[in-house]
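Notes to accompany the following structure.
The values are calculated or read from the model by the stated rules, or taken from the named source; none is laboratory data. Given the structure is predicted, the values throughout are model-derived calculations rather than measurements. Backbone-built Cβ (ideal geometry, glycine too); neighbour counts: all protein chains shown. Calculation scope for accessible area: heavy atoms of the full protein, side chains included, ligands and nucleic acids excluded. Shrake-Rupley method; radii C 1.70, N 1.55, O 1.52, S 1.80 Å.
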Amino acid sequence: MHALGLVNRVALRALLKLRRIDFPDADLARLRAAVRPGTAAFLGPNHPEFMTDWLIDKEISRRVSPLMAHWASYEIVNASPSAQGFWLRNNLIANAPGGTGREYSIRWALGGHGVLLHPEGTASWQADRVGPLLPGIVEMAWETCRRTREADVAKPVFVAPIVWKLRFRGAAHESFRREMRHIEQRLDLPSGSRMAVEARFAALQQSLLRRQWSR
């Protein structure tokens, strides 16, 4: 997990062209105070995308708690025996129905390492706020509180929302247009070349949804 944290940092630069992560000292100190031996913490980041989410969340855990557990889709964790072995060794928890992920999360949080979840479940394509929480993250926190009370252990339990944003260092309109033109052509969708970038993106999504519905 420590090694993957270093590889992850390289990937942020090489794959995502991420120049710098601006993590204010006060915010980092507050998060470290919530995720440490002596606390139990469940982290709920915003979820604007998929690959970027994982890489940035991994960087957050590298700075705060390298042994943090991360929830992920059952299909990702168990894609193949080799993938399962890799992801389990990196402490990913599959959201398998009827699985032991919830119990494992509570025990891991009580160990002071922290557990990170995408609480809203579906990528929302925006980064302004944390989406509506699903009950799981709060239920696990309440159950953790109950266990500490029954054990007569003074241990604070936190639900920590995290919001991060990507900021472009220059105009990205032409890159977005190229990407959307490529998707439209490969999927044989109507061209939105005469539209503004944001309207074209919405039209692309709508066209794809209409095709899926019709099928």
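For Cys145 and Met51, what does the FRET efficiency come to when R0 = 35 Å and r is the distance between their Cβ atoms, rounded to the nearest 0.05? Here the calculated transfer efficiency is 0.55.
Taking a spot 7 Å from the Cα of Met195 along the direction of its beta carbon, which residues of segment 145-181 have an amide N less than 20 Å from it? In segment 145-181, the label zone of Met195 (backbone N under 20 Å from the point 7 Å along Cα→Cβ) covers 172-181. The gain in end-to-end length when the Ser214 to Arg178 segment is fully stretched comes to 10.2 nm, 0.36 nm per residue minus the alpha carbon separation. Under 1.5 on a/c is rounded, so check that first for segment 1-119, then, if it is not, pick prolate when a/b is larger than b/c and oblate when it is not; a ≥ b ≥ c are the square roots of the alpha carbon gyration tensor eigenvalues. Oblate, because a/c is 1.5 or more while a/b does not exceed b/c.
The residues of the chain expose on average 63 square angstrom of accessible surface per residue, using a 1.4 Å probe on protein heavy atoms.
Taking chymotrypsin sites (Phe, Trp or Tyr not before Pro) as exposed when their DSSP state is a loop state and no more than 10 other Cβ atoms lie within 10 Å, the longest site-free interval of the chain runs over 1-124.
Mind running the shape call on segment 161-215? Use the C-alpha gyration tensor, a ≥ b ≥ c as the square roots of the eigenvalues: rounded below 1.5 for a/c, prolate if a/b tops b/c, oblate otherwise. Oblate is the answer for segment 161-215, as a/c is 1.5 or above yet b/c matches or exceeds a/b. Mean-square fluctuations from a GNM of the chain, with a 10 angstrom spring cutoff on Cα atoms, peak among Glu179, Glu139, Glu150 at Glu179. Over all pairs of different C-alpha atoms in the chain, the reciprocal of the mean inverse distance, the Kirkwood hydrodynamic radius, equals 19.3 Å. Backbone amide hydrogens, once placed in the peptide plane, bring Leu116 within less than 5 Å of Leu43, Ala69, His70, Trp71, excluding anything fewer than 5 places away on its chain. The calculated FRET efficiency for Asn78 paired with Val7, based on their beta-carbon distance and R0 = 22 Å, is about 0.50.
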